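Presented below is the structure to which this report refers.
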Amino acid sequence: MKLLVFAGLGMLVTLAGCAGMVTAPPAHIYSPAEKQMMKGSLGVPEAQLNATGEAHYCSRTNIQSYAVELKKQALANIAKACGGEDNYFVIDELQASVTTYGAGGMVATKCGYGDGRAIYFKCKGADAQPAATTKSR
C-alpha cells in the first residue's frame, strides 16, 4: 500500500514539474500592414478587425488546472504588451489554431482540435507598438 502511495505521489510531482514547462505564446500586436491586410480579407472576425492584437492559449489540456494557468499567462502577456493590467480590455475570445511552447521555447506542441483559443484585445490610449515582447508573424 505504501509503495502505491509513493508511486502516485511521484507521478503527481512529475506532472506538476511538466506544468511549469508549458507556456502560452507571447501576445501579438498587429502591425499597420497586418491591420490593412485584415480589412481587405473576407471572413476575418469583427473582433479581430477592431483589436490591437491577440493572445493564444489552449483551453483544454490533460489536466484542467494547466488550461486555467495558460489563460492567466495569456492575459498577463496582454498586460505586458499593453503596458499594464489596467491598460487593455478584451474584445472577444474565439476558437483559433494555437501552438504552445515548452522546454525554454524549444519544443512546440499544437492544441487539440477545437481546444485553441484567441483572446482579441485592445490597448487603452495610444496603440501599443509591435516590440520584442510580442510574437512576430
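The values are calculated or read from the model by the stated rules, or taken from the named source; none is laboratory data. Quick caveat: nothing in here was measured; it's all calculated off a predicted structure. Using ideal geometry, Cβ is built from the backbone for each residue, glycine included, and neighbour counts are taken over all protein chains shown. Areas reflect the complete protein model, heavy atoms only, side chains present, ligands, DNA and RNA absent. Shrake-Rupley method; radii C 1.70, N 1.55, O 1.52, S 1.80 Å.
Quick rundown of the values:
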quantity: Lone qualifier among Thr52, Thr100, Thr133, Thr61 - being modelled with pLDDT under 90, closer than 24 Å to Gln36 by Cα and not hydrophobic (A, V, I, L, M, F, W, C); calculated: Thr133
quantity: Elements of type helices (runs of 4 or more DSSP H) contained in segment 30-82, each with 1 or more residues being of a type in the set (Phe, Trp, Tyr) and either at positive phi or open to solvent by 40 Å² or more (accessible area, probe 1.4 Å) (or both); calculated: 64-82
quantity: Top-ranked residue in segment 14-29 [being among the β-branched types (Val, Ile, Thr) and open to solvent by 30 Å² or more (accessible area, probe 1.4 Å); ranked as modelled with the lowest pLDDT]; calculated: Thr14
quantity: Inter-residue pairs, beta-carbon under 9 Å, first part of a loop (DSSP other than H, G, I, E, B) and of a type in the set (Lys, Arg) and in segment 102-127, second open to solvent by 70 Å² or more (accessible area, probe 1.4 Å) and at pLDDT 55 or above, 6+ apart; calculated: Lys124/Asp86; Lys124/Phe89
quantity: Some residue of segment 111-130 being at pLDDT below 75, among the acidic types (Asp, Glu) and within 20 Å of Glu46 (Cα to Cα); calculated: yes
